[in-house]
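Following: one structure in structure tokens, then a few remarks.
The values are calculated or read from the model by the stated rules, or taken from the named source; none is laboratory data. Here the structure is a predicted model, which is why all the values come from computation and not from measurement. Methodologically, a virtual Cβ is constructed for each residue, glycine included, from the backbone with ideal geometry; neighbour enumeration extends over all protein chains shown.
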Number of protein chains: 2
Amino acid sequence: MRIPLDHDSTVPLYQQIETYLRQNIISGKLLPETRLPATRQLAEKLGVSRITVTNAYAELESEGLIYSREGSGTYVSPPVSSATSPAHQAEILWPLWQHGLETDDDLPQHLRPDQISQQTVHPNPIIFSGVGDPRQFPIKDFGKAIQSVIRRDGQTAFKYGGFDGGYRPLRRTISHVLATQGIQANPDNTLITAGSQQAIALVCQLLLKPGDVILVEKPSYNLALELFQTCHLNIVGVSMDEQGMQVEQVETLLQQYHPKLIYTMPNFQNPTGVCLNGPRRRMLIQLAERYNVPILEDEFVGDLRYNGRVQPAIKALDQNGTVIYIGTFSKMLMPGLRAGYLVADGPVFDRLVSYKRVSDLTTSTLIQRALDEYVTIGRYQTHLRRSCRRYRQRRDAIITAIKQYLPTVHFNPPQGGLFIWLELPEQVSSLALLPLAMQEGVGFSPGSNFFIHRTEGERYLRLNFATHTLEDIEVGIQRLAVAMRRLH
Amino acid sequence: MRIPLDHDSTVPLYQQIETYLRQNIISGKLLPETRLPATRQLAEKLGVSRITVTNAYAELESEGLIYSREGSGTYVSPPVSSATSPAHQAEILWPLWQHGLETDDDLPQHLRPDQISQQTVHPNPIIFSGVGDPRQFPIKDFGKAIQSVIRRDGQTAFKYGGFDGGYRPLRRTISHVLATQGIQANPDNTLITAGSQQAIALVCQLLLKPGDVILVEKPSYNLALELFQTCHLNIVGVSMDEQGMQVEQVETLLQQYHPKLIYTMPNFQNPTGVCLNGPRRRMLIQLAERYNVPILEDEFVGDLRYNGRVQPAIKALDQNGTVIYIGTFSKMLMPGLRAGYLVADGPVFDRLVSYKRVSDLTTSTLIQRALDEYVTIGRYQTHLRRSCRRYRQRRDAIITAIKQYLPTVHFNPPQGGLFIWLELPEQVSSLALLPLAMQEGVGFSPGSNFFIHRTEGERYLRLNFATHTLEDIEVGIQRLAVAMRRLH
């Protein structure tokens with residue numbers, strides 16, 4: 001097997017191998033049940049280290065494209081449609097109670113980043129998706145933190161624990177970090193969750209029932225929208241401008257729809273990257289108090305500010321328990337840890353703790369203890385400063401590149417965060433652009449992912465500028481420009 | 001500070017220190033804001049290693065009984081009622097939408113093991129609760145597995161991944177293990193969940209709505225009951241005998257209540273320890289098929305069989321997707337990892353994958369990869385054999401001790417699992433017995449935890465015999481006998 005490798009590329013060698021194999025498996029050049037070379041052989045042939053090949057195989061295996069038989073080697077998987085379980089064969093008649101489930105396709109099928117990158121056959125694609133830059137993950141230090149927790153706590157790190165809201169020292173650490181942002185948190189109003197997604201889900205399950213109305217920014221975070229639809233909520237969108245949600249419209253909506261929850265991401269919103277301005281924050285909490293509606297404030301990456309003035313969290317303005325605040329270390333540290341938190345005051349807090357307990361008992365004890373071991377305020381601030389410096393350069397680079405190569409595209413320069421939100425020229429559809437872009441070797445999240453009525457997002461797309469090098473950012477935007485020209 | 005230590009006790013030294021301090025904090029002998037000795041000092045004074053004291057402090061800190069100020073030392077926490085957040089002060093008027101939450105106390109307040117052990121002031125209590133024996137946890141090997149995953153996968157181990165059901169190699173490993181039990185699983189019908197609790201929760205959220213009827217064994221697993229009540233389901237219990245759920249009653253109940261789900265734990269049921277016999281398994285799935293009701297089969301610790309004949313899983317009898325099967329490595333390995341799985345066939349599987357995604361995106365990537373690294377069939381079987389050998393001795397010991405010291409108590413000797421279920425003599429209430437038992441230094445789970453109508457469980461109690469040494473089992477049962485005598 002001859003795999004062309006570019007040793008000077010910024011794309012890691014294992015990814016080049018992985019991409020080559022994926023392309024050949026998807027295109028059918030490598031047939032199912034083809035035996036792949038042993039990692040040692042292939043490594044020798046390509047002149048790379050064995051771990052490089054192992055990494056490439058591991059990725060393909062995790063996608064199900066290849067599989068290994070113990071003692072026999074690694075093989076190309078059979079196509080998914082012919083899975084081996086008899087229950088997957090077409091002639092099975094599923095029980096009646098499953099029939100409704102089959103046809104319930106009211107949920108939008110968002111394009112996920114992993115699906116986008118699997119579609120491309122370009123040898124070296126630049127996908128502007130993901131969260132923080134994995135190259136910034138403090139992998140080594142976190143590995144050490146795990147070992148030191150295992151040494152220190154022994155069995156206890158592997159038992160159940162923290163049924164009352166999570167590992168208490170971690171809750172204390174989080175509340176110290178939040179205190180630096182003006183939020184009055186303490187271990188007794190802080191609950192550890194499996195990422196911020198679980199925090200949103202718990203709030204929905206507790207406070208809303210099918211058919212209830214929820215107010216959200218339009219556009220909004222795609223996985224929150226997917227959750228709200230799964231819970232059969234009625235989603236009412238509030239338009240945005242460059243100062244965030246148009247809170248001036250909210251009072252009318254409150255009177256008209258009687259929503260049970262307002263969901264907002266006031267800092268560097270996903271997907272638009274904009275911040276809610278100060279007066280609107282104050283107006284929003286006043287309205288919420290007056291109309292007796294809780295606010296769910298999703299602090300996505302508020303810490304990642306590159307310029308402009310910090311606004312107080314809405315939770316910091318909260319005097320009586322109107323705001324439920326959720327945050328996560330995922331974006332700053334490592335999303336695969338799945339650890340987030342929520343801060344809530346009043347009876348709602350204890351009920352959320354109960355819902356968490358019946359949902360999954362607790363979040364991994366080991367991960368909680370290791371996070372607490374790893375995260376100190378000093379370390380967090382250092383990591384933050386380093387990320388801000390790097391991501392600011394990348395934001396500047398993507399703005400420069402867009403201005404140069406995509407002059408017909410509109411955008412608001414984001415003051416922080418991870419995303420830039422592009423408005424395409426009239427009659428250019430981001431969904432039509434995506435396959436051409438993929439052919440050119442660049443990927444993005446189409447705007448329709450972030451709207452309930454998908455067509456409203458047709459002229460938009462979201463780029464994550466934080467995960468790529470300055471060179472790749474420029475190359476990626478050049479490729480996008482080529483794809484745009486091909487569309488016309 | 002003079003802490004009496006018994007170096008010959010089977011209770012670890014750190015637990016003795018911990019218990020002494022807890023007792024003194026709860027009783028008020030150590031006042032809030034008292035500064036505790038530095039770990040180094042105390043270790044020297046007691047003649048123990050510093051890590052022993054650190055462990056004791058860490059446990060007390062995780063319970064919130066003490067806290068540390070950076071650079072200043074460790075202090076006794078203020079009592080919980082006077083938390084420092086202004087939002088916790090009594091004069092706050094919570095928003096109106098929180099008022100309903102305050103008074104919604106229709107949920108039973110089960111006594112949790114951590115609460116039971118915090119109540120005791122005995123210096124060396126023996127609490128018959130928990131799951132597997134923490135001393136059996138493969139801590140060192142699992143720590144190595146984590147390190148080797150971090151070395152092998154790098155960043156990838158900390159990214160999101162497996163949105164389609166979890167880390168695929170782990171799903172393959174699980175399906176191989178299940179194949180040895182006659183269950184046709186494969187990566188495409190296997191979903192990784194945050195423990196089996198999340199699997200139960202996902203099924204409830206997808207298939208049932210508030211007011212729907214669910215059939216469960218009576219008694220049943222307390223945290224499943226708590227979940228069903230949180231979801232506002234109508235729970236209908238089916239009585240049990242020494243052959244498990246009385247399936248003969250089920251047809252009438254199906255006709256009368258039209259349940260939307262049957263929840264059962266057919267092997268070594270929690271709390272009774274009994275197994276559903278073969279004919280009843282076949283009858284149950286026939287009824288479920290005829291009446292179009294899904295079965296949720298909770299495989300708790302079916303592997304831990306000490307004698308008697310293995311019955312096929314209900315899922316192994318399933319031909320058309322009637323059974324959703326859930327399992328976990330928690331009981332065999334380490335519950336604090338929070339990793340379980342479900343196996344389902346038909347359209348319901350994809351919907352459960354969607355629900356999992358909106359609930360918490362994925363289960364920790366690192367933990368999934370480390371589990372897959374650690375769990376091989378050979379290793380799993382070895383661990384299983386070792387656990388069976390040890391737990392069988394403990395079951396025999398508890399049966400002998402109960403016969404000797406508690407002759408008026410009735411029980412069915414369990415053929416496997418972790419639990420023995422005791423029926424007390426008439427007019428003896430396990431809830432009345434518990435505080436006396438605690439004073440004598442022995443803890444158990446009162447039977448009322450496992451019934452919807454709590455009074456039905458009054459004469460029962462559940463003991464976990466797997467977590468204690470043979471000596472402690474005998475001492476614990478002796479103490480229980482003393483407490484029983486005091487009750488009369």
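What the table shows:
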read-out: Flag for B:Gly237 being part of a strand (DSSP E or B), away from every other protein chain (no Cβ under 12 Å) and small (Gly, Ala, Ser); value: yes
read-out: Meets criteria (more than 25 Å from the chain's Cα centre (by Cα) and in the same structural domain as A:Phe268 (by TED's automatic domain parsing)) for A:Arg151; value: yes
read-out: Subset of segment A:417-430 that is part of a loop (DSSP other than H, G, I, E, B) and under 29 Å from A:Asp303 (Cβ atoms) - its residue that is nearest to the chain's Cα centre (by Cα); value: A:Leu418
read-out: Some residue of segment B:424-436 being within 18 Å of B:Leu223 (Cα to Cα), at pLDDT 95 or above and not assigned by TED's automatic domain parsing to the domain that holds B:Val238; value: no
read-out: Residue within segment B:266-277 that is in contact (Cβ under 8 Å) with a residue 40 or more places away in the chain, of a type in the set (A, V, I, L, M, F, W, C) and within 14 Å of chain A (Cβ to nearest Cβ) present; value: no
read-out: Residue check for B:Ser9: in contact with a Gly (Cβ under 7 Å, 6 or more places away or on another chain) and of a type in the set (S, T, N, Q); value: no
read-out: Looking only at segment A:112-131, and only at residues there that are of a type in the set (A, V, I, L, M, F, W, C) and at pLDDT 85 or above, the one that is surrounded by the fewest Cβ atoms within 10 Å (Cβ to Cβ); value: A:Ile127
read-out: Per-region count, segment A:269-306, residues of a type in the set (Phe, Trp, Tyr) and either assigned by TED's automatic domain parsing to the domain that holds A:Gly417 or crowded, with 23+ Cβ neighbours inside 10 Å (or both); value: 1
read-out: Which listed residue, of A:Leu371, A:Leu342, A:Leu352, is more than 10 Å from chain B (Cβ to nearest Cβ), in a helix (DSSP H, G or I) and in contact with a helix residue (DSSP H, G or I) (Cβ under 9 Å, 6 or more places away or on another chain); value: A:Leu371
read-out: Test: residue in segment B:257-264 that is of a type in the set (Lys, Arg), modelled with pLDDT of 95 or more, within 17 Å of B:Gly182 (Cβ to Cβ) and in contact with a Pro (Cβ under 9 Å, 6 or more places away or on another chain); value: no
read-out: Boolean, A:Thr455 is outside the structural domain of A:Thr19 (by TED's automatic domain parsing) and assigned to a loop (DSSP other than H, G, I, E, B); value: no
read-out: Whichever residue in segment B:22-65 is closer than 22 Å to B:Pro78 by Cβ, assigned to a loop (DSSP other than H, G, I, E, B) and in contact (Cβ under 8 Å) with a residue 40 or more places away in the chain and, among such residues, is nearest to the other protein chains (Cβ to nearest Cβ); value: B:Glu63
read-out: Meets criteria (touching a helix residue (DSSP H, G or I) at 6+ places or on another chain (Cβ under 9 Å), surrounded by 22 or more Cβ atoms within 10 Å (Cβ to Cβ) and at negative phi) for A:Arg462; value: yes
read-out: Total residues in segment A:1-21, condition surrounded by fewer than 15 Cβ atoms within 10 Å (Cβ to Cβ) and either in a helix (DSSP H, G or I) or of a type in the set (Gly, Ala, Ser) (or both); value: 1
read-out: Check on A:Leu342, touching a Pro at 6+ places or on another chain (Cβ under 7 Å) and of a type outside the set (Val, Ile, Thr); value: no
read-out: Residues of segment B:149-175 satisfying the condition of being touching a helix residue (DSSP H, G or I) at 6+ places or on another chain (Cβ under 6 Å), outside any loop (DSSP other than H, G, I, E, B) and more than 8 Å from chain A (Cβ to nearest Cβ); value: B:Val149, B:Leu170, B:Arg171, B:Thr173
read-out: Candidates A:Leu191, A:Leu178, A:Leu227, A:Leu223, filtered to the one that is at negative phi, more than 9 Å from every other protein chain (Cβ to nearest Cβ), part of a helix (DSSP H, G or I) and not hydroxyl-bearing (Ser, Thr, Tyr); value: A:Leu178
read-out: Any hit, segment A:327-338, residues being in a strand (DSSP E or B) and either assigned by TED's automatic domain parsing to the domain that holds A:Glu297 or surrounded by 24 or more Cβ atoms within 10 Å (Cβ to Cβ) (or both); value: yes
read-out: Qualifying positions in segment B:359-368 - buried (at least 24 other Cβ atoms within 10 Å of the Cβ) and either part of a helix (DSSP H, G or I) or touching a residue at least 40 places away in the same chain (Cβ under 8 Å) (or both); value: B:Ser359, B:Asp360, B:Thr362, B:Thr363, B:Thr365, B:Leu366, B:Ile367, B:Gln368
read-out: Of residues in segment A:132-173 being closer than 17 Å to A:Ile377 by Cα and charged (D, E, K, R), the one surrounded by the fewest Cβ atoms within 10 Å (Cβ to Cβ); value: A:Asp141
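Per-residue answers, yes or no, for (1) more than 26 Å from B:Gly244 (Cβ to Cβ); (2) in a loop (DSSP other than H, G, I, E, B):
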site: B:Thr382; (1), (2): yes, no
site: B:Gln393; (1), (2): no, no
site: B:Gln404; (1), (2): yes, no
site: B:Thr408; (1), (2): no, yes
site: B:Ala432; (1), (2): yes, no
site: B:Gln439; (1), (2): yes, no
site: B:Ser448; (1), (2): no, no
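To keep it simple, each residue is scored yes or no on (1) touching an Asp or Glu at 6+ places or on another chain (Cβ under 6 Å); (2) touching a residue at least 60 places away in the same chain (Cβ under 8 Å); (3) within 14 Å of another protein chain (Cβ to nearest Cβ).
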site: A:Tyr257; (1), (2), (3): no, no, no
site: A:Tyr263; (1), (2), (3): no, yes, yes
site: A:Pro279; (1), (2), (3): no, no, no
site: A:Arg290; (1), (2), (3): no, no, yes
site: A:Asn307; (1), (2), (3): no, yes, no
site: A:Lys315; (1), (2), (3): yes, yes, yes
site: A:Asn320; (1), (2), (3): no, no, yes
